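Notes to accompany the following structure.
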Amino acid sequence: MVVIALVMAIVFYANDTTKFTQEIVELFLLAIGIEIIMLSVAYLYLLTHRKRYVYLSYSDGNQNEASQIIKYCRSNKQEVLSRDLVPTGSKYMDVIAPYISKCNIAYVLVSSELDGLQKSEIKVMRQKGIRIVPIIIDGNDIPQSLEEWKPIFYSTFLSKSQFSGQPESK
């Protein structure tokens, strides 16, 4: 953009150096202004069209509840990452840790007790500073390891009145 402005000024004002200098400055400022506007528009586009990743931690016994949460999240334009992404025979935490790191928020589905994989996932979430939202399956208590976070109860998770998309820590 700046190069085009310079070439235009040289062509039009080659004999008049005062006018040339003034025109160069004006065209240069105009080009910079246009570039700033273009960058701003590109940045706004990226902000509104970027994927919002969430991680869902659940035990094998809670696959039905997990599938409902995944449907809900996807309907709200959230890309859900979970243990389903780990290929058979892979080292679980070597594969899953980078996925967890991509997320801003992690839902931990809590039934009677967290399994070993969930405990490992929570450890990574804490190390990466990811906000954790415990989703308690009715009739269960929040584990001590997650007491610092405000839980949401599964029976009301899918209702908009209980879940605003911005969970708070206690």
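The values are calculated or read from the model by the stated rules, or taken from the named source; none is laboratory data. Quick caveat: nothing in here was measured; it's all calculated off a predicted structure. We place every Cβ from the backbone using ideal geometry, glycine too, and count neighbours over all the protein chains shown. Quick note on the areas: whole protein, heavy atoms, side chains included, nothing else; ligands and nucleic acids left out. Shrake-Rupley method; radii C 1.70, N 1.55, O 1.52, S 1.80 Å.
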Residue hits (segment 123-141; farther than 18 Å from I105 by Cα and either touching a residue at least 12 places away in the same chain (Cβ under 8 Å) or acidic (D, E) (or both)) are I137, D138, N140, D141
List the pairs whose first member sits in segment 104-122 and is within 18 Å of Q63 (Cβ to Cβ) and among the charged types (D, E, K, R), whose second member is open to solvent by 10 Å² or more (accessible area, probe 1.4 Å) and assigned to a loop (DSSP other than H, G, I, E, B), and whose Cβ atoms are under 7 Å apart, counting only residues at least 6 apart or on separate chains? D115/S59
